[in-house]
1. Starting at the first residue of the stretch 46-54, write each ³J(HN,Hα) from the Karplus equation 6.51 cos²θ - 1.76 cosθ + 1.60 with θ = phi - 60°, in whole Hz, x for Gly and Pro.
2. Which ³J(HN,Hα) values in Hz, rounded to whole numbers, follow from the phi angles of the stretch 189-205 under the Karplus curve 6.51 cos²θ - 1.76 cosθ + 1.60, where θ = phi - 60° and Gly and Pro get x?
3. Once you have the Kirkwood Rh of the chain from its Cα pairs, apply Stokes-Einstein at 10 °C and 1.306 mPa s and quote D in µm²/s.
4. Taking H placed 1.01 Å from N in the peptide plane, check which residues at least 5 places from Y148 or on another chain put their amide H under 5 Å from its amide H.
5. HN-Hα J couplings of the stretch 75-88 from phi, Karplus 6.51/-1.76/1.60, θ = phi - 60°, integer Hz, Gly and Pro as x?
6. Please tell me which of these pairs span more than 24 angstrom C-alpha to C-alpha: K96/K313; K119/K354; K253/K292; K37/K336; K20/K336?
7. Within the stretch 1-22, name every residue whose backbone N is under 17 Å away from a label modeled 7 Å from Cα of M34 along the Cβ vector.
8. Check R216: other-chain or 5+ apart residues with amide H under 5 Å from its amide H, H built from backbone geometry?
Amino acid sequence: MNDRFRRELQVIEEQGLTRKLRLFSTGNESEVVMNGKKFLLFSSNNYLGLATDSRLKKKATEGISKYGTGAGGSRLTTGNFDIHEQLESEIADFKKTEAAIVFSSGYLANVGVISSVMKAGDTIFSDAWNHASIIDGCRLSKAKTIVYEHADMVDLERKLRQSHGDGMKLIVTDGVFSMDGDIAPLPKIVELAKEYKAYIMIDDAHATGVLGNDGRGTADYFGLKEEIDFTVGTLSKAIGAEGGFVSTSSIAKNYLLNNARSFIFQTALSPSAIEAAREGISIIQNEPERRKQLLKNAQYLRLKLEESGFVIKEGETPIISLIIGGSHEAMQFSAKLMDEGVFIPAIRPPTVPKGSSRLRITVMATHTIEQLDMVISKIKKIGKEMGIV
Ligand code: PMP
């Protein structure tokens, strides 16, 4: 067996696609210690700085003091605490939906909804760039999955038109795509869903706390909250904790509670994660200036990099994609940045299409203008050295 692993790892290595763990000895602040060295961090999902906020830490500690470090059972056995239900009702209030149901991660929420809602005879229409957890949900479901070209509404319409049968149809899309930071063309998706009698599910992992009024997400950003059947989110990015959720109708919540295997067979979310998440959601709504600062920082970085001649995907979210091309070049750029004390990972196939390896920069509300200017000057310097600009 080990020989086989060795051979396969060798192939990955030759393609420049080996994945390695990095060791952090501090939390995701804008400056971190990684592998024993200080770095400016431009790759965290701690968008609003809440994962390291003292108020969330305090609430998490209080949760542990009262309930312990683990829930001790699944929600349907012995792990359903009052704070789980409070969190769900606070998420529903925040997202302005009838109900919400919490999972142990966003990954499990996507897998749970798709695999339980979509059955044999049904059809899922999934954007080509959807997150791996959506893809895995589709694989687990007995429904047929039809992948449409990324954000291509002509292709989606063609595929909806060509799909016959009485089964249920579900269009699934990331709200904000995790690699390029672009926003799904939701108004057109809603129009097509109405025309072809399809339901809509959005994965708002990167939009929750970032887009829309009070950070309510992609549907709110477009004024289309009422049109979405399932919104999946994570508690682990802007909210600063851990866990996932689905905001939906009360009846759909009850259906998921009875059918989603990744809900039924998993130990309930730990008290510390729940209490941190509740505080995060409250801060997001009470301190809109954090979100404004985040979007301002993203806009500044995008503009400055564009002015310097880099190819930056257009957008307004905190995920900024700087396209390099080859895997080896992207890795080299990232390594040179590390030598300069800046951590920005290179993203390579199979995560992104071949030939579009990139630096995936993420901005935080807590980055200072000095830190932003510092990273811009380092990227410019290396870009010139490598003949990219
Ligand atoms: N969806 C998207 C778009 C994501 O980026 C992620 C996290 N990388 C997830 C879902 C999964 O969320 P979680 O980390 O809470 O499992």
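Each value in this text was obtained by applying a stated rule to the coordinates, not by laboratory testing. Just so it is clear, the structure is predicted and the values come from calculations on it, not from any experiment. FYI the Cβ positions are ideal-geometry reconstructions off the backbone, even for glycines, and counts take in every protein chain you see.
1. Those phi angles translate into 6, 3, 9, x, 6, 5, 10, 6, 5 Hz.
2. Going residue by residue, I get 4, 4, 4, 5, 4, 5, 4, 9, 6, 10, 8, 10, 10, 10, 9, 9, 3 Hz, with x marking Gly and Pro.
3. Values: Rh = 21.9 Å.
The Stokes-Einstein estimate is 73 µm²/s.
4. The list, which skips near neighbours in sequence, is S126, D127, A128.
5. Ordered by residue, 3J(HN,Hα) equals 4, 8, 10, 10, x, 8, 8, 4, 5, 4, 6, 4, 4, 5 Hz.
6. Working: K96/K313 31 Å; K119/K354 33 Å; K253/K292 32 Å; K37/K336 15 Å; K20/K336 17 Å.
The answer is K96/K313; K119/K354; K253/K292.
7. 18-22
8. The answer is G209.
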